[in-house]
Each structure stands twice: as C-alpha cells, then as structure tokens.
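Enquirer: Provided herewith is a single structure, encoded as structure tokens, for subsequent inquiry.
The values are calculated or read from the model by the stated rules, or taken from the named source; none is laboratory data. Computed from a predicted structure; not experimentally measured. Cβ atoms come from the backbone with ideal geometry, glycine included; neighbour counts cover every protein chain shown. Accessible surface is based on the protein model in full, side chains and every heavy atom, while ligands, DNA and RNA are left aside. Shrake-Rupley method; radii C 1.70, N 1.55, O 1.52, S 1.80 Å.
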Amino acid sequence: MTAKLVHIGFGNMVAGDRVVAIIHPNSAPIKRLKEEAREDDRLIDATQGRKTRAILITDSNHVILSAIQPETISGRFGEDGEDE
C-alpha cells in the first residue's frame with residue numbers, strides 16, 4: 001500500500017495520509033506554532049521564498065509551509081490522479 005502524494009507547490013509533495021490539518025497562517029497562535037516548530041527543527045519551508053499561504057500540520061508534529069492557498073491544497077486531496 002502506497003501513500004497518496006499531494007502536490008503542495010513548486011514540485012513539492014507530502015504524504016496525504018500524514019497530514020492532520022491545513023490552516024491559514026494569519027492568526028497569532030499559528031504564528032507561535034510556526035516559530036516553535038522552527039526552534040525545534042520541525043519546520044519544513046516549501047514556499048521557495050514566496051509568501052506563506054497555508055500551513056500543513058502532520059501526524060509527526062512537523063509544520064510545513066506552502067505558498068498555495070489552503071482551499072487549493074484541500075481540493076487536491078480529493079483528486080484521483082493515480083492510474084492504478
């Protein structure tokens with residue numbers, strides 16, 4: 001059984017079954033969460049220097065930054081682009 005990979009921008013993919021939440025980065029608690037993850041080496045920046053538009057939280061407590069809107073990423077979770 002293979003995990004479905006979900007495109008999060010700029011050729012970066014995440015294992016869809018490991019993502020717990022996709023959230024907007026604007027609130028103060030989320031900014032604190034991002035800084036705590038950076039300090040603990042749990043932050044993965046996949047924005048390629050662009051503005052962070054979505055933050056993905058994984059089941060391993062990693063925080064992934066993406067330059068793609070949360071709505072777009074969540075839509076990609078429902079797509080079935082695999083040829084099985």
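Enquirer: Please indicate, with yes or no, whether at least one residue in region 16-38 is at positive phi and more than 12 Å from the chain's Cα centre (by Cα).
Expert: Checked region 16-38: no residue is at positive phi and more than 12 Å from the chain's Cα centre (by Cα).
Enquirer: Out of all the residues in region 52-80, which are charged (D, E, K, R) and without any contact (Cβ under 8 Å) to a residue 12 or more places away in the chain?
Expert: Within region 52-80, Glu71, Glu79, Asp80 meet the criteria.
Enquirer: For region 54-82, name all the residues that are open to solvent by 60 Å² or more (accessible area, probe 1.4 Å), touching a helix residue (DSSP H, G or I) at 6+ places or on another chain (Cβ under 7 Å) and within 13 Å of Ile8 (Cα to Cα).
Expert: Phe77
Enquirer: With respect to the numbered conditions (1) touching a strand residue (DSSP E or B) at 6+ places or on another chain (Cβ under 6 Å); (2) on the phi > 0 side of the Ramachandran plot, which one is the sole condition not fulfilled by Gln48?
Expert: Just one mismatch for Gln48, condition (1).
Enquirer: Looking at region 7-30 only, could you name the residues that are farther than 22 Å from Gly78 by Cα and surrounded by fewer than 13 Cβ atoms within 10 Å (Cβ to Cβ)?
Expert: Across region 7-30, the qualifying residues are Asn26, Ser27, Ala28, Pro29.
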